[in-house]
Amino acid sequence: MSTPETLTAAPVQFSREGRCGKICINNPPVNALGQAVRQGLLEALQQALEDKAVDVIVVVAAGRTFIAGADIREFGKSPQPPLLANVITALEDSHKPIVAVLHGTALGGGLEVALGCHWRIALEGTRVGLPEVKLGLLPGAGGTQRLPRLAGIDMALDMMTSGRFVDASEAWHHGIVDEVVAGDDPQAVARMAAKQWMAGQIMPRVTRKLSAPANEEDAMERYRERLGRDVPYLFSPFRCVEAVEAATQLPFTDGIARERELFRQCMDSPQRAGLIHHFFAVRDTYKVPGVKSDAVLTTLGLLGHHPLFEALAAPAAKAGVTLVNLDEATSSSNPVTACLVAADIDSSRYQRLRNSMPTDLIWIEVATTDVMSRSISGISLVLPPHATDLLVCELVDNTGNAIRIQEMANTLRRLKCQVVVTKGQSVIAKLDKALKHSLNENTEAQVVAWSAQGWDLTPWQSSESLERAQAHDADACRMLDHAWQEVALRVSAAGQVHRGSDVDVLAIQAFGYPAHLGGPSFRALSGAES
């Protein structure tokens, strides 16, 4: 066995070991498909093809995952060559067999790269998916044409219209991957794959040359009916169906052209802009501007009784955060760094306990818009109406202690909460007030009809009115939309939020505002109409 010869540098390296040429993607943290990776794949492939000692090529990734999708730093920018579709075509056209070794996740363009290879091996625990629909798009590098040829119409439509991830076992069952192997070392599996090929155990195949899937009109109609029932207001899922339908009706090259046409339609859709806005907005809501701290509070006290406290047990245990019930413990034996206080706690009892605790302890009152905070602590953790968990919350600061607020926000994020940091008065309370006013101005049947345009107002609806609702009510939608836009503009002007997009995240995740619209602040600033 010869000594590996490294021929190119990061983010993609080519090396040869015996008769195997290895293309290794090394672009941490998630091996995203940025321009340098795309260019590196082409260059490494060319070196493998020109190396006469190489008989088989293996594509593998370093780190914790295979290619996990596009590089988000390139979102909204003009694509720079080489285009991903051209890279995948080059891989597929290789006269030397190419084996893809998948681990972690192979998502979006990452799965499309694998589909362009001639054999796919997944480590146990790998997940694959085409989640572009969640950003208002469809797979745009051949995925809509290759996946149906491997997995069939039903599976392709399921994955593309839902964006769900598929585990390795299910992917193997449907032909998306050819093998599933045990182990946690993709580099070792790459070496194994080379030996398998040399032993004649791998039979490479070119995906585009596989028979086109049969035109299952029943499946197409079934998915159109399902989408029309569940998400009639969304654009890209229906385009996914059209693209898969093209795979059944057109030659591969023409199907690719149709995919590109439909992809451009999605790119031009305002829904894509709204979903991309939300994608970025959720990443920053916990950040206090000007504070650079990753510190997490390791011990949280709980005082009083609130449904949230019980719901915190599992995520806290997983995150390594200790919860201490101060109703049962003494301050000396449990040195807590912050305390969550139920809003219904007796104020005199609270004050006595506070006087007995360290002066630098953070006191945070847990409130909902139904039982609003009395601001006894200066910091409030506000939950959405009807909430009993910590999926989304608002951390309202009236202390000005930015560092402590950031530490608490970091802790809530560690507990898997979408936390939004605000100042002064609760934005959730203001959104709730505007919503209730709109409910009073409209019949319940109209409110239910909003769901036909993507509003998830289920907690405010009755089952009887759900059955009665028959039609859309665009005017009612506009009324609530405009009311929330006014809230967004007011709280931004008053400096109650660090970013206007924070209001959008609260509206979407706490109240069911349609994510594809981007949020009330996004729409107010873009001048969009409902």
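Say a site is exposed when it is one of the trypsin sites (Lys or Arg not before Pro), sits in a DSSP loop, and has at most 16 other Cβ atoms within 10 Å; what is then the longest site-free stretch of the chain? Show your work: numbers first, answer last.
Values: sites that count: Arg19, Lys52, Arg64, Lys77, Arg164, Arg205, Arg283, Lys292, Arg374, Lys416.
Segment 417-530 is the longest.
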ask   = Between the DSSP loop rule and a limit of at most 16 other Cβ atoms within 10 Å, which chymotrypsin sites (Phe, Trp or Tyr not before Pro) in the range 1-102 are left?
value = Phe75
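Between Ser293 and Lys195, what is 0.36 nm times their sequence separation minus the Cα-Cα distance? Round to one decimal in nm. Walk me through the intermediate numbers first.
Numbers: separation 98, 0.36 × 98 = 35.28 nm, distance 4.85 nm.
Value of the extension gain: 30.4 nm.
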message = From the P(r) of the range 59-134, could you give the percentage of C-alpha pairs in the tail past 16 Å?
response = 52
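Quick check on the range 1-142: what does the Kirkwood estimate of hydrodynamic radius come out to from the alpha carbon pairs, in Å? Before the final figure, lay out the partial values.
Working: mean 1/r = 0.0665 Å⁻¹.
Averaging 1/r across every pair of different Cα atoms and inverting gives 15.0 Å.
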remark   = Correct response: the longest run of the chain lacking exposed GluC sites (Glu not before Pro), defined by DSSP loop and at most 10 other Cβ within 10 Å, is 1-327
query = How far is helix 427-441 tilted off the main Cα axis of the chain, in degrees rounded to 10, range 0 to 90?
reply = 80
task = Return the whole-Å distance between the Cα centroid of the range 128-164 and the Cα centroid of the range 253-268.
result = 14
remark   = Using alpha-carbon coordinates alone, the radius of gyration and Dmax of the chain in Å work out to 26.7, 83
Helix axis angle, 236-249 relative to the chain longest principal axis, alpha carbon, degrees = 20
request  = Using only Cα atoms, locate the centre of the range 174-228 and the centre of the range 10-65, then give the distance between them in Å, rounded to an integer.
outcome  = 20
key: Acute angle (nearest 10 degrees) that the helix 402-414 long axis makes with the longest principal axis of the chain, alpha-carbon atoms   = 50
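Every number in this text was worked out from the coordinates using simple rules, so none of it is lab data. Computed from a predicted model, the values in this text were never measured in an experiment. Using ideal geometry, Cβ is built from the backbone for each residue, glycine included, and neighbour counts are taken over all protein chains shown.
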